[in-house]
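The values are calculated or read from the model by the stated rules, or taken from the named source; none is laboratory data. Keep in mind the model is a prediction, meaning the values are calculated, not measured. Neighbour counts are summed over all protein chains in view; Cβ atoms, including those assigned to glycine, are modelled from backbone coordinates with ideal geometry.
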Amino acid sequence: MSGNLRTPLLRLAGVTKSFGATVALRGVDFELRAGEVHALLGENGAGKSTLMKILAGNEQRDAGRILLNGAEIEIRTPAEARQHGIAIIHQELNTLPNLTVAENLALGQEPRTAYGSLDRRAMIRGAREKLARIGADIDPRRPLGALSVGMQQLVEIARAVSEDARILVLDEPTAALSRAEALRLYEVIEEMRGAGVGMIYISHRMEEVWQLADRVTVFRDGGYIGTRDREEVRPADVVRMMVGRPVDDLYQHRARKPGEVVLDVAGLTGDGVGPVSFRVRAGEVVCLAGLVGSGRTEVARLVFGADRPRAGSVGVGGRTVTPRTPREAIRAGIAMVPESRKDQALFPQLAVEDNIAVSSLGSHVTAGVLHRRRIRDGVTTTLDRLRLRRGALRLPVVALSGGNQQKAVLARWLLRDSAVLILDEPTRGVDIGAKSEIYELINELTDRGKAVLVVSSDLPEAIGISDRVLVMRGGRIVHELDSQHATEEDVMFHATGTAAGSTGVTHD
């Protein structure tokens, strides 16, 4: 796994960056060797993204040096970063979904005929060659937006490899991938390692880090904490370096005593889903688990009214509501944190305060007048509960780290005080410290008698935070497991249809 690890390919020395009074990087050091995967870890806001923006030429450092193969370089623009062989695969893909795969791969380097027109045959031929270099079996004539996120990611990697990138930064590369897509990505990483490409790997998934990385570097609060060989350190040690404290029991699952039924879903049917029936009681966490495509998110969207059901009913607190729109769901006491906060939950350019208050404005209006002070008091109290800085109130929400953006979405529904909270992949792309805080919040909500429905692809999380796990396959709930006695193997057996005589309740 090690490859040639002796040559320092990239070195960052004493890099500092501030945004006004906020210090994002405090004289940090980082070194990448040819042919290694170097994991860069830290909580959201630790400085990882800022460092990557400096490497990409999107931000300029205030102090410090960048050395490539021992020679100091300047990276003032993304074009200069590419000229130095640096490519970044962002968590939010920088692709054009309306263009074809071939057009995306040729962007800025489109082949021309002798008459100056676009040479489409050459473009498609070149795209096939680029995809073949990483073993990606993708039709270059297809619109990029028609591909899965995993396939789109492979297209970005193919473009980076075709540009002879010597340094590849992978930012949360498997956050939205299926298991099969992630395994394919691992194979590509191994191929690039063998070709001497140095890779910076940013991930909150410890199992990935321990599978792929040669070394681990930790940042905290904009500062460099340390670098360790992966084989010489335990995950618990790295977590302690990241958060500055031990996180002994991440899931903190304590015994709960569920009360009356709050959410009652009966025969709910939609496109490719159902009929689905289940109940969630007051003070209970129920998790929908299953493979990608099993229908988990589709069920959550039907319950929230984001998609219209063809049949079935949804009840809240003993009253049938069956929302046809999210607005109806919110009025009925149902809240939802969707899978993609960027595309489905946030208003990026609005202030944090406005993003939190947006679903509660109606309760603070008298005679057509909006009581701004009352709203701010409620928002401030909610921020304190989620350990978000009050100074962030007027910042655009897009300026927050991923974990803090997720907290802002959660704060919206805490302010609304809904009876039912649906959390779709609540900790995706969130650091371990923020995960712990979100789990604490879930416990707080159940203590207050809320019904919590979680959708999670993280099996330890699905089992660790819930009271019951409902396993989905083919758009239906096929089995129910008591979380206290369930294992990851149990969930996967039922999710894949290979279970034989395991404990739990089978759903017809």
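With assigned by TED's automatic domain parsing to the domain that holds residue 211 and modelled with pLDDT of 90 or more as the only criterion, which of 167, 157, 134 stands out?
Working: 157 fails: modelled with pLDDT of 90 or more; 134 fails: modelled with pLDDT of 90 or more.
Criteria check complete, one pass: 167.
Scanning the range 198-216 for any residue that is in the same structural domain as residue 90 (by TED's automatic domain parsing), surrounded by 20 or more Cβ atoms within 10 Å (Cβ to Cβ), touching a His at 6+ places or on another chain (Cβ under 9 Å) and basic (Lys, Arg) turns up at least one such residue. For residue 70, are the conditions met, namely being of a type in the set (Gly, Ala, Ser) and under 24 Å from residue 203 (Cα atoms)? Spelling it out, it is not the case that residue 70 is of a type in the set (Gly, Ala, Ser) and under 24 Å from residue 203 (Cα atoms). Screening residue 188 with (1) in the same structural domain as residue 427 (by TED's automatic domain parsing); (2) modelled with pLDDT under 90; (3) touching a Gly at 6+ places or on another chain (Cβ under 8 Å) gives one miss only, at (1).
Residue by residue, here is whether (1) surrounded by fewer than 17 Cβ atoms within 10 Å (Cβ to Cβ); (2) touching a Pro at 6+ places or on another chain (Cβ under 8 Å) holds:
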{"residue": "289", "(1), (2)": "no, no"}
{"residue": "304", "(1), (2)": "no, yes"}
{"residue": "311", "(1), (2)": "yes, yes"}
{"residue": "317", "(1), (2)": "yes, no"}
{"residue": "322", "(1), (2)": "no, yes"}
{"residue": "328", "(1), (2)": "yes, no"}
{"residue": "338", "(1), (2)": "no, no"}
{"residue": "341", "(1), (2)": "no, no"}
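Selection over the range 481-491 of residues that are of a type outside the set (Ser, Thr, Tyr) and surrounded by fewer than 19 Cβ atoms within 10 Å (Cβ to Cβ) gives a count of 5.
With 300, 329 as the choices, which residue is over 18 Å from residue 456 (Cβ atoms), outside any strand (DSSP E or B) and under 27 Å from the mean Cα position of the chain (by Cα)? So that I can check it myself, show each step before the final result.
Working: 300 fails: over 18 Å from residue 456 (Cβ atoms).
Being over 18 Å from residue 456 (Cβ atoms), outside any strand (DSSP E or B) and under 27 Å from the mean Cα position of the chain (by Cα) holds for just one of 300, 329, which is 329.
Figure legend. Inter-residue proximity from the range 425-451: first residues outside the structural domain of residue 208 (by TED's automatic domain parsing) and crowded, with 23+ Cβ neighbours inside 10 Å, second residues in a helix (DSSP H, G or I) and of a type in the set (Lys, Arg), beta-carbon distance below 8 Å, spacing 6+ or different chains. Indicated pairs: 434/407. Of all residues in the range 442-496, those satisfying the criterion of being more than 22 Å from the chain's Cα centre (by Cα), part of a helix (DSSP H, G or I) and closer than 18 Å to residue 282 by Cα are 444, 445, 446, 447.
Before we move on, is residue 279 out of contact with any Lys or Arg (no Cβ under 7 Å at 6 or more places or on another chain), closer than 19 Å to residue 335 by Cβ, outside the structural domain of residue 41 (by TED's automatic domain parsing) and at pLDDT 95 or above? Let's see the steps before the verdict.
Details: out of contact with any Lys or Arg (no Cβ under 7 Å at 6 or more places or on another chain): yes; closer than 19 Å to residue 335 by Cβ: yes; outside the structural domain of residue 41 (by TED's automatic domain parsing): yes; at pLDDT 95 or above: yes.
In short, yes.
Within the range 81-96, not a single residue is surrounded by 14 or more Cβ atoms within 10 Å (Cβ to Cβ), more than 17 Å from residue 171 (Cα to Cα), in the same structural domain as residue 164 (by TED's automatic domain parsing) and hydroxyl-bearing (Ser, Thr, Tyr).
If I filter the range 7-19 down to residues being modelled with pLDDT under 90 and more than 28 Å from the chain's Cα centre (by Cα), which single residue comes out as surrounded by the fewest Cβ atoms within 10 Å (Cβ to Cβ)? Filtering the range 7-19 for residues that are modelled with pLDDT under 90 and more than 28 Å from the chain's Cα centre (by Cα), the one surrounded by the fewest Cβ atoms within 10 Å (Cβ to Cβ) comes out as 7. For the range 414-429, a residue qualifies if it is over 18 Å from residue 287 (Cβ atoms) and either in a strand (DSSP E or B) or of a type outside the set (Ser, Thr, Tyr) (or both), and the qualifying residues are 414, 415, 416, 417, 419, 429.
Of the numbered criteria (1) exposed (fewer than 15 other Cβ atoms within 10 Å of the Cβ); (2) among the hydrophobic types (A, V, I, L, M, F, W, C); (3) modelled with pLDDT of 85 or more, the one residue 183 fails is (3). For residue 434, the criteria (1) at pLDDT 85 or above; (2) touching a helix residue (DSSP H, G or I) at 6+ places or on another chain (Cβ under 8 Å) hold in every case but one, which is (1). When the range 160-180 is filtered for residues that are surrounded by fewer than 23 Cβ atoms within 10 Å (Cβ to Cβ) and in a helix (DSSP H, G or I), the ones remaining, listed by number, are 161, 162, 179, 180.
Here's the yes/no breakdown for (1) out of contact with any His (no Cβ under 8 Å at 6 or more places or on another chain); (2) surrounded by fewer than 17 Cβ atoms within 10 Å (Cβ to Cβ); (3) touching a residue at least 40 places away in the same chain (Cβ under 8 Å):
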{"position": "462", "(1), (2), (3)": "yes, no, yes"}
{"position": "467", "(1), (2), (3)": "yes, no, yes"}
{"position": "473", "(1), (2), (3)": "no, no, yes"}
{"position": "479", "(1), (2), (3)": "no, no, no"}
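Can you tell me which residues in the range 73-104 are part of a helix (DSSP H, G or I) and either more than 28 Å from the chain's Cα centre (by Cα) or modelled with pLDDT of 90 or more (or both)?
Here is the first cut: in the range 73-104, the ones part of a helix (DSSP H, G or I) are 78-83, 101-104.
Listed by number, the residues that qualify are 80, 81, 83, 101, 102, 103.
Restricting the search to the range 17-34, which residues are part of a loop (DSSP other than H, G, I, E, B) and in contact with a strand residue (DSSP E or B) (Cβ under 9 Å, 6 or more places away or on another chain)? Give the derivation first.
Of the range 17-34, the ones part of a loop (DSSP other than H, G, I, E, B) are 20-21, 34.
Within the range 17-34, 34 is the sole residue that qualifies.
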